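The values are calculated or read from the model by the stated rules, or taken from the named source; none is laboratory data. If you're wondering where the values come from, they're calculated on a predicted model, not measured in any experiment. Counting neighbours? That spans all protein chains shown, and the Cβs are built from the backbone with ideal geometry, glycine included.
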Amino acid sequence: MIHQIFILSSKGDHLLYKDFRGETCSDLVNVFYEMVTALPGDQPPVVMRHKDRYFVHVRQGGLFWVATTTADSSPFTIIEFLNRLSALVKDYCGVLNETNITENFALIYELLDEVLDYGYIQTTSSDILKNFIQTEAVSSKQFNLFDLSNVGLFGADTQQSKVAPSTAATRPIQGSREGGKSEIFVDVIERMSVVIGSNGVLMKADVEGEIRVKCYMPNCSEIRIGLNEEFSIGKSQLRGYGAAVRVDECSFHQAVRLDEFDNHRILRLSPSQGELTVMQYLLSDELPSAPPFRLFPTIERDKGGRLIVYLKLRCDLPPNSVALNLCATVPVPRGSLSLSQELSSPDQRAELRPESRAVVWNIPRFAGGTQLSALFKLDIPDLSSASLLEVGPVSLSFELPKLTATGLQIRFLRLSPIQPSQSQRWVRYVTHSDSYTIRV
Amino acid sequence: MPYLSGEETVKELRRALCNPNVHSDPLRHRNAVLRVIRAMSQGVDVSALFSEMVKACATVDIVQKKLIYIFLCSYAAVNPELSLLVINTLRKDCQDPNPMVRSLALRNMTNLRLSSLVEYVEQPLIAGLRDRAACVRRVAVLGWAKLHDLQPDSEIDAAVVNELYSLLRDPDPVVMVNCLRALEGILKEEGGVVINKPITHHLLNRLKECDIWGQCEVLKFLQRYQPQSEDELFDILSLLDASLVSPHPPVMAATVGLFLSLCGSLPAVGLSALRRAQGPLLAACGSGSREMRFTALCHIQLLLRSLPGLLGAHYKRFFCGYAEPAFIKQRKMKVLVELVNDDNVAMLLDEMKGYCTDVNPDTAQAAISAIGHIGRSYSDRSLEILVGLLGLKQDHITSAVVQTMRDLLWVCPQCSSTVCLALEECEDTMQDAQGRQALLWMLGVYGERISSAPYKLEVFIDDVRNETSAGVKLELLTASMRLFLCRPAEMQDMLGRLLHHYIEEETDMCVRDQALLYYRLLHCGKEETEKVLQGRRSDPSLGVLIGPPAESISQWAHSFNTLAPLLQSTFKPDSKPQLSDALRCDPVETSGKTPADCSPITQLAFLTSSSAAPLSLSVSPALSPEKFERLWLQPRAQHDEHGKLQQTVFQCSAQSLQASLQLVNVQTLAFTPAHARPWKVYLYTRMQLDSRGSTLILGELVHCEEEPEEKTVRVTLRQQPRDDETLKAFLSILTTVLHTHSSSNETLKDI
């Protein structure tokens, strides 16, 4: 049972407050903010207690989504609900941020009214909710003079419009009511967490993936998503040789019908408007191909008492693939004063961040099959041999577009009834690094 | 409009709402209402616009209606009379052909929360229960619960309760779940909604129709059901098997909770359910939402209490991600410590080593102490890492390592040779008092095996004037004394200097007292001194550590799927009770705890010095026994406080108790003779209240030994004038005194 729901900005501004059980005590919001900001670093902030009231909160979109409740409620339910609520708000308002929430407060109040009654969760299905929600979303798209890419000369269509802008999938679902484009996005998103030992041995490799459908098609009754035919679940079901795609665990959304899955690997579902996670899967302890990055570090002290870190980073992706926004964080000894660097191309950057005790090396674009190197010289006043031990595991964060680590592919995406030609279907693949650590 | 004051805004809004031109244009009208609500959510008091808003309520525009209802529900309590005007509109809306309008009206009618309106609300609610549309029935059912909440004393109509029970068979699953919730609230006094066999089976059969929230709720209600036979129980369990491995963590958790409560008498079944649920729980640990991850981790910790070896093969799933927040990393380490076994210990320690240099010092320290924990069963490998970390020469790491080593020595004395070797080479001075204390303790206890120990102590003794922490001072004294006993030649001069300084110049009474005590002790000869100083070096009771035994599920089943496991860290830092108990008698645990191997007097002095700041007790002006008696027997002028203090056997003499109470400025007036039963003590003190004069507290301690299993001291306190806070504070001081007294009695016996 939920007593109050409120949304706070990261600075503590009250964005929204709704009470469900007739207990007017708006001071709670301030109490919560004081508690969450005063918390010592080693204390978990998720659940906090104030007298007989418990605050449970999640952070989404840089905002605090807080529910107050009693001790015996299920944390799984409340946290899942808050996540679901923020997803719903995102569906309705587009992007989650402070301005969007304040602009659309009427809509969110309406949403909360339908989702919760007397503190009990009624429904969170966007299909049912769409019948009740009447307020239109206010989208806070700012006019940007520099962003004229979509406006052609004298209003003519440009080539640009053939490509979906990156913000296409972050728009309110109701936009389609007034003749917006009918579109569907199927995203395969994977998160890799990898640990590579100092000897180059793969010590841990997990991939968590999900297929997300974002549907902005009002009259689509069924979609069929075909996966790789060689897709297998579990260790025992090896189906033939060759490029089999294997995952260890797999779970589906309850709306997915699996009658064609066993034989043809087809998922059938009737999509609701907005975002839906159709399938989640997990592959642990094994990658179908080599890990995407290998690091060859050399760390030594030169005669001048400086620390020399020479990093050679190799990208083992297929040659036509590319990694974007790669960022390598190299922990360096405490007391590092200054950094001099030699990087192999001008678009890379590296800087020393004393507050996090690390050198951060940014590579905006890294093609598969190539190799980059960097030489860092660090001035450290009292460098001892023990300080070399502090040059600790290098973490990489990156994004691999058009690529899945498991090899999962969408074979086809069929909509029924057949949609008019101006409807657009997009299938996107991306792999993120959840945690990619290379020990040195 | 930030430049307008609240009043200006309200005026401006009123003008807009009353403008006839605005009324004629629905869109402008709606915008005017919208501005009111916006002002309201920004914190402007717009209750003055109540009557205008009531008028605006009569509209066909549903969006406007909804907005106005938000307003009305917030301000109805301020304007009960005007709210009566809305009722008519609302009742009319309840007849509307559109079910959405009907449910909206019904919901807001009950949300107004005005007891004066109850008579108008009941009739539409009854009609709502029989409405064609499910969404109206949902609202109506919960409406009854709200109504009951409004007037909890009034009799609820039995017919309504029956109707609600029959609605459990409603085709709409949400109506069914809402009925359960409403009945639970309405029948709270009679023990909530009845879950009998037919209802249970009905609910189980319809579980699949509900969405995940409904399923969780139903599963929670089913916990109340007691199956009549074992066959029935197993039927239920097999029906629920699919939800046990549900991909939705809330459903999985609710099902596990139900399994645990149903299988209270069959622990084996409960354990196998937990084994089955480990898959979904592990999946939740990798969830994208870090709050969900944290919740799952906390519940895995619960699981491990009963199934210690459960997830050993999956230890890699608990490796910390680089960008994870500190609280998740620290939880994961706690889980990892539990999962260690012969196969994974090498990999695990290798991973942990990486965490020790984390940027966040809390995480680094947690990692170091986690390695120390693993060291209890795999001491060689762990010590190797710990010794290596000393080489980093980083203040916070060294301090954490030294403390971890001390804790490890206490449990595994066989590690001492490695530790001594490492300490020999450790040269840095630590900023952190806890770390210095740990180092001093080890230097004192294992001084004969660390050849450089006297020189290390010399650094401390030379710097004695700059030392601020009382804990470190006491530890330094004890360590120097111990070292003197085994290496007198090197230490004699230093100890002399130290004692001289502490006795002559030290302002801290506690340290000075201890120095004096040691000085006098030295006069008694070496044997006596050794007898006092050679305390225990380790806890022999722990012996070879084989990990805590598996607890039975029933010990934590009640807290599964509640907020308690997520909060636990705030109250119970160590999840293993018997281990923390063992460490509690560690003589150098923290400065807050008094060192157990000094005399009770110094311990109490220590206590006064720490408790002197917040409240000051004094015994002057003195109270004559006659006056005490008069005040004590004076009937109701004072406040009485009765309490029972759980104490270990109270076997100290009257004199020692008197002395220790005097140290905290409590005067004892009279004792009964030592052999008399019940044994009584009368005492009094004055407590300084800030700027308000002082309060007099009279007390009686009664110790009865009639019931030997109940070893308690009954305390009766009288206070004049009354002040609860000081009374509580006094009681806590008294408790501490008695506690130190009884525990120091034990330690003295040990020595």
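Restricting the stretch B:374-423 to residues that are within 18 Å of B:ARG536 (Cβ to Cβ), under 30 Å from the mean Cα position of the chain (by Cα) and in contact (Cβ under 8 Å) with a residue 60 or more places away in the chain, the residue that is nearest to the other protein chains (Cβ to nearest Cβ) is B:ASP407. The set of residues in the stretch B:1-21 being within 44 Å of the chain's Cα centre (by Cα) and in a helix (DSSP H, G or I) consists of B:GLY6 alone.
So that you can scan it fast, the table gives a plain yes or no per residue for (1) at the interface with chain A (Cβ under 10 Å from one of its Cβ atoms); (2) modelled with pLDDT of 90 or more:
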position: B:VAL174; (1), (2): yes, yes
position: B:ALA182; (1), (2): yes, yes
position: B:GLY191; (1), (2): no, no
position: B:LYS197; (1), (2): no, yes
position: B:HIS201; (1), (2): no, yes
position: B:ARG206; (1), (2): no, yes
position: B:ILE212; (1), (2): yes, yes
position: B:LEU222; (1), (2): no, yes
position: B:ASP231; (1), (2): no, yes
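Within the set A:SER356, A:SER344, the sole residue that is closer than 21 Å to A:ASP379 by Cβ and surrounded by fewer than 18 Cβ atoms within 10 Å (Cβ to Cβ) turns out to be A:SER356. Please give the number of the condition B:PRO124 fails out of (1) over 45 Å from the mean Cα position of the chain (by Cα); (2) more than 24 Å from B:ASN162 (Cα to Cα). Of the numbered conditions (1) over 45 Å from the mean Cα position of the chain (by Cα); (2) more than 24 Å from B:ASN162 (Cα to Cα), the odd one out for B:PRO124 is (2).
Test A:ARG53 against the criterion of being among the basic types (Lys, Arg) and within 8 Å of chain B (Cβ to nearest Cβ), and give yes or no. In short, no.
Yes/no matrix, rows are residues, columns are (1) more than 22 Å from the chain's Cα centre (by Cα); (2) at the interface with chain A (Cβ under 10 Å from one of its Cβ atoms):
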residue: B:GLY270; (1), (2): yes, no
residue: B:ARG276; (1), (2): yes, no
residue: B:GLY279; (1), (2): yes, yes
residue: B:ILE300; (1), (2): no, no
residue: B:ASP342; (1), (2): yes, no
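Taken together, B:SER115, B:SER74, B:SER83, B:SER47 contain a single residue that is more than 11 Å from chain A (Cβ to nearest Cβ), closer than 23 Å to B:VAL136 by Cα, small (Gly, Ala, Ser) and within 43 Å of the chain's Cα centre (by Cα), which is B:SER115. Number of residues in the stretch B:98-143 that are part of a helix (DSSP H, G or I), under 12 Å from B:VAL175 (Cα atoms) and among the aliphatic types (A, V, I, L, M): the value is 7. Scanning the stretch A:269-292 for residues that are surrounded by 18 or more Cβ atoms within 10 Å (Cβ to Cβ), within 14 Å of chain B (Cβ to nearest Cβ) and outside any loop (DSSP other than H, G, I, E, B) yields A:GLU275, A:LEU276, A:VAL278, A:MET279, A:GLN280, A:TYR281, A:LEU282, A:LEU283, A:SER284. Those residues that are part of a strand (DSSP E or B) and crowded, with 16+ Cβ neighbours inside 10 Å, I need them from the stretch A:315-326; list them, please. Residues satisfying the conditions are A:CYS315, A:VAL322, A:ALA323, A:LEU326.
Kindly evaluate A:PHE376 against the criterion of being buried (at least 18 other Cβ atoms within 10 Å of the Cβ), over 25 Å from B:GLY288 (Cβ atoms) and more than 14 Å from chain B (Cβ to nearest Cβ). Judged against the criteria, A:PHE376 is a match.
Among (1) within 13 Å of another protein chain (Cβ to nearest Cβ); (2) surrounded by fewer than 19 Cβ atoms within 10 Å (Cβ to Cβ); (3) in a strand (DSSP E or B), which single condition is A:SER395 missing? So the condition that A:SER395 fails would be (2). Considered as a group, the residues in the stretch B:239-262 that are more than 11 Å from chain A (Cβ to nearest Cβ) and in contact (Cβ under 8 Å) with a residue 60 or more places away in the chain include one that is farthest from A:TYR281 (Cα to Cα), and that residue is B:SER261. Just one residue in the set B:LEU476, B:LEU443 is within 24 Å of B:CYS510 (Cβ to Cβ), part of a helix (DSSP H, G or I) and touching a residue at least 40 places away in the same chain (Cβ under 8 Å); that residue is B:LEU443. Per the conditions (1) surrounded by fewer than 19 Cβ atoms within 10 Å (Cβ to Cβ); (2) away from chain A (no Cβ under 14 Å), the sole criterion not satisfied by B:GLY444 is (1). Taken over the stretch B:22-70, the criterion of being outside any helix (DSSP H, G or I) and among the acidic types (Asp, Glu) is satisfied by B:ASP25, B:ASP45, B:ASP61. Contact map, the stretch B:64-78: first residue surrounded by fewer than 20 Cβ atoms within 10 Å (Cβ to Cβ), second residue at pLDDT 90 or above, Cβ cut-off under 6 Å, separation 6 or more or different chains; the map is empty. Kindly evaluate A:GLU23 against the criterion of being more than 13 Å from every other protein chain (Cβ to nearest Cβ), touching a strand residue (DSSP E or B) at 6+ places or on another chain (Cβ under 7 Å) and not aliphatic (A, V, I, L, M). Spelling it out, it is not the case that A:GLU23 is more than 13 Å from every other protein chain (Cβ to nearest Cβ), touching a strand residue (DSSP E or B) at 6+ places or on another chain (Cβ under 7 Å) and not aliphatic (A, V, I, L, M). Does the stretch A:413-420 contain any residue that is more than 14 Å from chain B (Cβ to nearest Cβ), more than 18 Å from the chain's Cα centre (by Cα) and under 19 Å from A:TYR281 (Cβ atoms)? Scanning the stretch A:413-420, I find at least one residue that is more than 14 Å from chain B (Cβ to nearest Cβ), more than 18 Å from the chain's Cα centre (by Cα) and under 19 Å from A:TYR281 (Cβ atoms), so the answer is yes. Out of everything in the stretch B:375-415 that is surrounded by fewer than 22 Cβ atoms within 10 Å (Cβ to Cβ) and among the polar types (S, T, N, Q), what residue ends up being nearest to B:LYS334 (Cα to Cα)? Ranking the candidates gives B:SER377 first.
Can you name the residue in the stretch A:70-102 that is facing another protein chain (nearest Cβ under 10 Å) and more than 19 Å from B:PRO249 (Cα to Cα) and is also nearest to the chain's Cα centre (by Cα) among such residues? In this case the residue turns out to be A:THR102.
Taking the conditions (1) farther than 28 Å from A:GLN254 by Cβ; (2) acidic (Asp, Glu); (3) touching a strand residue (DSSP E or B) at 6+ places or on another chain (Cβ under 8 Å) in turn, B:ASP343 satisfies each one other than (3).
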